[in-house]
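Each remark here refers to the structure printed beneath this line.
The values are calculated or read from the model by the stated rules, or taken from the named source; none is laboratory data. Note that the structure is predicted; figures quoted are calculated from it, not measured. Using ideal geometry, Cβ is built from the backbone for each residue, glycine included, and neighbour counts are taken over all protein chains shown. Note: accessible area is taken over every heavy atom of the protein model, side chains too, but ligands, DNA and RNA are not part of it. Shrake-Rupley method; radii C 1.70, N 1.55, O 1.52, S 1.80 Å.
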Amino acid sequence: SPQQPAAVVVLRHRQSQNDEEEAWQEGDESKTLHEQGFIDGHRLLISRQIHPPRRQHGSETSAKGQLQRHKLPGLQNLGNTCYMNSSMQCLLNAPLFPDYFEKRYLEDVNFSSSWGMCGKLAVAFSELLAEVSKHQHSGSGVIAPRGFMGVLRDFEPLFGGFRQHDAQEFLSIFLAGLSDDVNRTAKKPYIELKDSEQRPDAEVARDFWSAHCRREQSVVAACFSSQFKSVAICKVCGHENATFDPFSFLPVPLPEHNFRWVTCIMVSTPTITRLDHHSVQVCVRVPKRGLIADLLAAVAGLRSLPMEELVATDVANGYVHRRFDQQGSMSTLNDDARPTIFHVVRSLSSTHVCPVSGDENIGDIDVEQATASGQSGSVLIYLVHRRLQKVKRYFMNPYAAELFNTPLLLTIPPSCHGSDLYKTVFEAVRHLVPDAPLPTGTGAAYPFSLSLTNRDGSACSQCSWREGCLGCRIPPKSDKLLQLRSEATLGIDWDAKILEKFYKPQLARHVHIDESVELARIERNTPESLAQCLERLVGQEEIVSYCKDCTKAKGDFTEAPHDKGFKIWAGGPLLVFQLKRFQVKDGTSYKLHNLVTFPVELDIRPYLAQGADRGDNESRRSSQSEGTDESSNPSLGENQDLLRNDPPSNGKTEGKSTKGTKEKDKHILFNTLSREHTVYDLFGVVNHIGGMGSGHYTAFVRKLGNDPSSSSWWCCDDERVYAVKEEDVVSMNAYLLFYTRRDVATGSLGLEQVFPSEPDRSSKVVRPEDIKRRNWSPQRRCGSRFSLGNYLSGSQDSGGFCGVM
């Protein structure tokens, strides 16, 4: 069949709104609109061009097809599901983990678990994985994971609806449920673990690991479980206790300052010589838990202005949405908020308030409120720029007021003459029409008229909506006094001919960038390495906790100060680091935007805890006496003694030991931890773009092979997937980092070694259709013991497969 013409979408833009002023400039689709200088007010042209097909040589076609086959399919956003899409892209491209869910998982479906879905969640994940593999082989396509999302919402109603969620929270809940769906342990035993009591670290670590493996016999726990060493030393009696808890997510603390950077737009009355400095963008550093007054003081000091003449507002759509109280907390400003600060000076001299009558009494003034707002004996008024636009659909008035440009703030006496008010307003807006003729004489004609409107300038503030009034006009030639109430809004209704002939939109939209913005960007973007953050994590901290020896000495329950230190004991096949960007302190929620650099190749050896030599030697001699060959598994190295398949020496389990306990343990303990292989390769990054209240998740992923350095990076932004450079992976938006151990990435350690199959389970294989038809009720896992905290922490009373450190 003949090849069809190709349709190409071309983007062009220009600054001018006049079709004859400027030619269209073709844009670069590889760059963002911001990088191409596209700002508010510019025009964007999207054209569709039809090009005839171009004949390609065989090698060129083959190379293009090979590139397409390596491209990852996108996941459609089903309504604020970017947190799920970005996390799933990392899981779907992880080593070992997806291979198990192609078919082997059907041998291990757990129908008796009270915390899983009797295999339904595993089947949904397997079907999504198969669909992704199918689309990736064809080299194109976008997948709508509706089936998977439906099962997930049944499993955890928290993800129902269209609310935003945290990606790490989603991963914790999903992996925990997935682990219970394929957990070989039908009933999780309760295992009591004693204190270390000066025993060798290898022995204590083996007991903790054995207890974890007996409860969590799943490929999820085998792949994502690592071990942490925690040592608490009492500062009173010197009692020392070591624990070796498993973890799946490692939260990494970020350096936090007691200040924050706030970018503001400073608006002041322009002068004839400095018209371009009417609006200035500044960036100041203020206390994180300070007041709006601290922000005003910082801006006043930067611009050498009196603080009492500054007003902080939130400007949206051309009008003042709200005014910030100086005694208000800085927490009212979001992380990405850009308040507009007006420099307001006294515009008219004081005039005695005189009673007026008739049409000149515009608005009912509260004299006490007027005197209390701003300067003594003055009121603060808002002015919005309006122009009439004819609308196609209307109710009573075929014209509607359209706001444009930045609003103005003026401080005037509560009563003034109309002529003085017009003069003051004209001086404040003269820079917008610098070439317009100046009004002279008592009967001067101004290029605008003033009217009393509501806050957003859409209608009159005095008349009923039934009258269709857009604003009661203020006469400019009145000699009588006009009364205005505090924070009244006046509409500046511009003459259409004046705007067309003299209005300068470029000058009106121009914002001068102060040097403080660049200095703040340099200071904010000063990077801190992941190594520095990990050093802070594994450092010492002082806590107050229960002390066994102090309690024995005093005969009563005693808490004492302890020095507690953390270090990694052994790493698993997959490591997930969580950069702790989201913080909640003193009732205030905020996000840290620190730039943390992280390597593509990470060596965790500097953060490993040192084992006790005596324990290692004794265990090694014991291992040799039992005929165990340490070199049989290259992934274990020096910690082969740590993971010997011996029953725990200090743990008490439900049930009595049998003669075949040691043989049974060979199929229980995971030989996945390693203290010898410490090099990890990065294969996924989940990014969060935005602030604490809202944002968007994306992911950087790559499919690792025998040579990790040759793998290509892809950016997965929901449906959109495109190639990126390796240096673009590191950004201040990074939130979750996915690493895999080098021996796993290169294929030296396979799935069968990480999670061996059991021959007797091949007869227990079930069909996915049978699993789907099984009845499952959420009440099975929503008993009295269930809580989200226990579920995420992995306590023995919950279904969590592994704890968050």
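Overview of values
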| quantity | calculated |
| --- | --- |
| Of all accessible heavy-atom area on segment 477-571, the percent that carbon and sulfur account for (1.4 Å) | 50 percent |
| HN-Hα J in Hz across segment 117-131 - Karplus 6.51, -1.76, 1.60, θ = phi - 60°, x for Gly and Pro | 10, 6, x, 5, 5, 5, 5, 4, 5, 5, 5, 5, 4, 5, 5 |
| Over 27 Å between alpha carbons, listed pairs K120/K591; K188/K580; K103/K187; K71/K580; K194/K564; K103/K703 | K120/K591; K188/K580; K71/K580 |
| Per-peptide average of other Cβ atoms within 10 Å, ordering 96-103, 430-437, 204-211, 258-265 highest first | 204-211, 96-103, 258-265, 430-437 |
| Distance in nm between pseudo-label sites at Q327 and D166 (7 Å out along the Cβ direction from Cα) | 3.5 nm |
| FRET efficiency for E727 and E518, using Cβ-Cβ distance with R0 set to 22 Å, rounded to 0.05 | 0.50 |
